Amino acid sequence: MARILAIDFGTKRTGLAVTDEMQIIASGLTTVETKLLLQFLKEYTAKETVELFLVGEPKQMDNTPSESETHILPFITKLEKAFPKIPIKRVDERFTSKMAFQTMIDSGLKKNQRKNKALIDEISATLILQSYLYSK
């Protein structure tokens, strides 16, 4: 089997998470500067087989798209062009940043460590991926 890669897209940084080859465990991969994201994904997919990209879909409480969706849609177009053979699915990402922050508290990270926004993005991507795996 191949891996599933989750993307928590941000205008400055993007958190990434990936499954193991059996698609059982979701693990944080890294956080990448968004301007370097496509290049990172090209290098990653040259080394690892990825069968699906999951892209977080930010929504308001009333289920309408959040304003950050206007930044995500152009990225998805670029992603489709760069990787025409890898399908893309969207996953509701409401509350993932809050859950990521709570995960950091629960795991005993000190206040200084919890200010690491890159880590929050990576954990958020992991939560997006984990929710997808649970729904399968």
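Nothing in this text is a laboratory measurement; each read-out follows from the coordinates by a stated rule. Bear in mind the structure is a predicted one, so any value in this text is a computation, not a measurement.
For LYS12, a cut-off of 18 angstrom between C-alpha atoms picks up these aspartates and glutamates, skipping any fewer than 8 places away in its own chain: GLU33, GLU57, GLU67, GLU69, GLU93, ASP121, GLU122.
The DSSP beta bridges internal to the range 1-62 are antiparallel in roughly 70% of cases. The alpha carbons of the range 1-81 stretch over 36, 26, 21 Å along the principal axes, in descending order.
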